[in-house]
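This report concerns only the one structure given below.
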Amino acid sequence: MSNYILSYTKIKNNCLWHNDKLVSKIGETDNFLEETYKSLDLAYPKFFKMDALSKLGVLCAEQILTDESIRLLPKEKIAVVLSNKNSSLQTDVAYAKTMRDFPSPSLFVYTLPNIVTGEIAIKHKITGENAFFIEPTFNADLLHNYTELLLQESEAVLCGWLSIDEKTCDGFLYFVGKQTESNQKKINFIKHNPTNITQLYTN
Amino acid sequence: MNKAFLHNANIISPLGFTTKQNFDAVCDGKIAMQNHTFNGVTYCTAIIENKLLDEVFIQQTKLNPKEFTRLEKMCILSIKDVLNNSDIDVKSKRTLFIFSTTKGNIDLLENTKSEIPEERVYLHKTAEIIAAHFGFTNKPMVVSNACISGLLAIIIAKRLLADNQYDNIIVTGADIVSTFTLSGFNSLGALSSNPCKPFDKSRTGINLGEAAASVLISNQQKEDGVEIVSGSSANDANHISGPSRTGEGLYKCLQKVLVHNTAPDFINAHGTATEFNDEMESIAFNRAGLQNILINSLKGYYGHTLGAAGVLESVFCIEGLRQNKIIASTGFEKQGTSIELNIATKTENKKSITCLKTASGFGGCNAAVLYKMN
């Protein structure tokens with residue numbers, strides 16, 4: 001049975017896109033992630049405690065995981081497979097600046113790349129498989145390959161690339177699952193393959 | 001579907017530079033943790049002496065130790081030992097190297113005078129340096145998923161082998177002790193100032209340790225090969241820096257991994273010796289009906305080696321199955337969890353066929369693997 005990309009989101013150049021639709025566009029700002037959060041009216045105050053990588057992931061995941069057809073899937077069968085180049089380096093550097101004088105526990109807990117996986121899991125009660133891969137650049141083949149292996153047992157996989165550094169904020173999450181009665185009327189199906197994933201990411 | 005078997009393995013740790021040295025040291029009750037001072041603060045931690053590491057590195061590789069970080073030297077020695085004892089072709093497209101770590105060369109952030117290029121703080125760079133040394137054709141895969149990294153890398157290797165994508169996979173898990181991790185865990189109040197006491201009533205927290213551990217996983221059964229029967233990960237969806245009070249994620253892993261509800265002969269737990277981790281594990285094991293199975297933790301010998309732990313401890317699981325030995329859970333004296341567990345109090349000979357290995361980490365992640373001696 002084929003697997004499909006049922007939904008995707010992108011954050012790039014101060015814009016948040018969901019399935020080709022512009023959800024939010026923020027003008028010149030130093031607080032793009034916070035401004036986007038406000039524009040979405042999320043009412044999730046925990047957001048402000050998070051580091052930038054977690055904020056980016058939570059914002060990207062929100063549009064996908066609140067979709068009705070996806071919300072009904074069994075949460076223990078949704079896997080989360082993420083990737084980036086920098087791991088948690090931005091937060092690592094921020095923590096390292098504090099560690100000689102007053103090491104900050106609230107920064108330290110974010111010095112792992114998969115904390116964003118935990119934040120997404122907590123917000124949406126997702127308890128399936130996890131994996132975080134580090135790659136020099138976005139690698140559709142790797143994500144596609146491992147997702148297909150997971151779909152032998154999981155129902156669906158939230159995948160993507162979440163990258164934050166001093167200058168750029170690059171988030172791309174997509175949701176891979178099977179065609180079902182509840183989702184087939186709503187969604188423009190995109191076959192799950194590396195070409196389509198790359199196209200969605202680069203477009 | 002192909003099967004996956006663990007073969008040659010190596011551990012580079014303060015207790016030795018081969019699997020045998022490590023296994024023998026632990027059977028003799030040796031503990032790697034000692035007091036060491038980092039930036040004026042004394043910690044009870046397990047570190048490899050720099051001088052010894054460099055001596056062995058020069059002797060084994062003839063390379064200039066100044067061109068590699070501590071972590072890279074440990075990994076290169078570890079993989080070299082595994083490859084020396086095997087005939088696999090690293091240049092084959094059917095061979096993969098998976099590197100698991102939490103913080104990689106994080107000490108480069110602290111040491112601005114280092115001769116090592118700053119870019120090596122990127123985990124994929126570290127993996128590329130190690131892979132290039134051995135000439136792997138495939139580019140390395142890097143897994144960084146907190147304290148389940150090593151065990152998750154083994155699970156991923158099993159899945160890739162089962163799908164017939166490779167014939168041989170080398171999994172290396174490694175992390176070093178650094179001011180970064182020591183100060184961080186200290187700021188959380190998670191460190192014990194004495195050798196840690198997993199599952200014990202008077203446990204007060206973890207020790208950090210450093211190690212590189214490697215294992216060759218192949219689709220071929222050979223003499224002494226230990227099969228990876230099943231493996232799984234799951235998230236608690238509860239808290240980013242504390243385990244679920246009901247052991248939700250770990251319990252889900254156990255349900256998936258213990259196929260046909262067969263109990264393992266022994267369990268090598270995560271057992272970090274924090275109050276909450278060990279308590280959570282006791283609840284998850286009890287929910288899965290495993291409270292009477294003999295359990296140990298190796299953290300009392302090595303401390304918590306973070307991204308290396310899942311691989312290092314798996315090497316002990318397979319050696320335990322090969323030698324029919326169950327290692328005492330050092331540091332344990334009195335039951336200290338709300339569910340009483342069957343903790344191994346002495347190292348003893350016991351015929352075992354299967355072993356369950358578990359791990360849990362920040363970000364709410366959990367993993368479990370079932371090993372079987374065929």
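The values are calculated or read from the model by the stated rules, or taken from the named source; none is laboratory data. Note that the coordinates shown come from a computational prediction; the quantities given were computed from them, not determined experimentally. Cβ atoms come from the backbone with ideal geometry, glycine included; neighbour counts cover every protein chain shown. Surface accessibility is based on the protein's heavy atoms, side chains included, excluding ligands, DNA and RNA. Shrake-Rupley method; radii C 1.70, N 1.55, O 1.52, S 1.80 Å.
Which shape class applies to the stretch A:117-184: rounded if a/c is under 1.5, otherwise prolate when a/b exceeds b/c and oblate if not, where a ≥ b ≥ c are the square roots of the Cα gyration tensor eigenvalues? It is prolate, given that a/c is not under 1.5 and a/b is the larger ratio. In this structure, the residue pairs whose Cα-Cα separation is over 32 Å, taken from A:K123/A:K167; A:K85/B:K197; A:K55/A:K77; A:K75/B:K372; A:K12/A:K49; A:K75/A:K167, are A:K85/B:K197; A:K75/A:K167. Using the Cβ atoms and a cut-off under 11 Å, what net charge is assigned to the surroundings of A:Q63, where Lys and Arg are +1 and Asp and Glu are -1? In short, 0. What residue among B:K350, B:K197, B:K113 shows peak mean-square fluctuation when chain B is described by a Gaussian network model with Cα springs under 10 Å? Of B:K350, B:K197, B:K113, the Gaussian network model singles out B:K113 as fluctuating most. The calculated 222 nm mean residue ellipticity attributable to helices in chain A amounts to -10000 deg cm²/dmol, summing -39500 (n - 2.57) over DSSP H runs of n ≥ 4 and dividing by all residues. On a straight-distance basis, which lysines could pair with B:K66 in a cross-link, Cα separation under 25 angstrom, same-chain partners fewer than 8 positions away excluded? Output for B:K66: B:K51, B:K80, B:K103, B:K113, B:K125, B:K139.
Compared with the direct C-alpha span, the chain from B:F276 to B:E333 gains 18.7 nm at full extension, assuming 0.36 nm per residue. For the stretch B:271-317, the calculated P(r) over all alpha carbon pairs, in 5 Å bins from 0 to the bin holding the longest distance, is 5, 19, 25, 25, 20, 6 percent. Across all directions, the average flat footprint of the convex hull enclosing the Cα atoms of the stretch B:5-110 is 8.9 nm².
Please state the shape class of the protein assembly as shown: rounded when a/c is under 1.5, otherwise prolate if a/b exceeds b/c and oblate if not, all from the C-alpha gyration tensor. Rounded, since a/c falls under 1.5. Each pair of Cα atoms in chain B enters the Kirkwood radius, and Stokes-Einstein at 20 °C and 1.002 mPa s then converts it into a translational diffusion coefficient of 106 µm²/s.
Within a straight-line Cα-Cα reach of under 13 Å, B:K252 can be paired with the following aspartates and glutamates, leaving aside sequence neighbours fewer than 8 residues apart in one chain: A:E76, A:E129, B:D236, B:E281.
Size check on the stretch A:4-202: the Cα extents along the three principal axes, sorted descending, read 57, 34, 29 Å. Rg/Rh for the stretch B:227-373 (Cα atoms only, Rh after Kirkwood) is 0.92. Modelled spin labels at B:V41 and A:R100, positioned 7 Å past Cα toward Cβ, are 1.4 nm from each other.
Taken over the stretch B:5-218, the convex hull of the Cα atoms encloses 132 Å³ per residue. Its DSSP H runs of at least 4 residues, each contributing -39,500 (n - 2.57), put the calculated 222 nm mean residue ellipticity of chain B at -9500 deg cm²/dmol, to the nearest 500. Straight-line reach from A:K97: taking Cα to Cα under 19 Å and skipping same-chain neighbours fewer than 8 places apart, the aspartates and glutamates in range are A:D51, A:D165, A:E166, B:D107, B:E110, B:E118, B:E119. At the residue level, B:K91 shows approximately 120 square angstrom of accessible surface with a 1.4 angstrom probe and all protein chains present. Summed over both chains, the area buried between A and B is near 3900 Å², taken from the accessible surface of protein heavy atoms with a 1.4 Å probe.
Heavy-atom accessible area, probed at 1.4 angstrom with all protein chains present, ranks A:R71, B:R94 as A:R71, B:R94, highest first. The heavy atoms of A:S106 present about 80 square angstrom of accessible area, all protein chains included, probe 1.4 Å. Once R0 is set to 30 Å, what does the formula 1/(1 + (r/R0)^6) return for the Cβ-Cβ distance between B:N84 and B:N349, expressed as a FRET efficiency to the nearest 0.05? Given R0 = 30 Å and the Cβ-Cβ separation, E is 0.55. For the stretch B:115-238, what does the alpha-carbon gyration tensor say about shape, rounded, prolate or oblate, given a ≥ b ≥ c as the root eigenvalues, a/c under 1.5 as rounded, and a/b over b/c as prolate? Oblate shape, in that a/c is at least 1.5 and b/c is the bigger or equal ratio.
Residues in the protein assembly as shown average 38 Å² of solvent-accessible surface per residue, probe 1.4 Å, ligands and nucleic acids excluded. Measuring nothing but protein heavy atoms, the accessible surface of the stretch B:227-373 at 1.4 Å probe radius is 46 percent carbon and sulfur. Taking chain A as a Gaussian network of alpha-carbon nodes connected by springs under 10 Å, the highest mean-square fluctuation of the residues A:S83, A:S104, A:S24 belongs to A:S104. With all protein chains in place and a 1.4 Å probe, the accessible surface of the stretch A:4-202 carries 49 percent carbon and sulfur.
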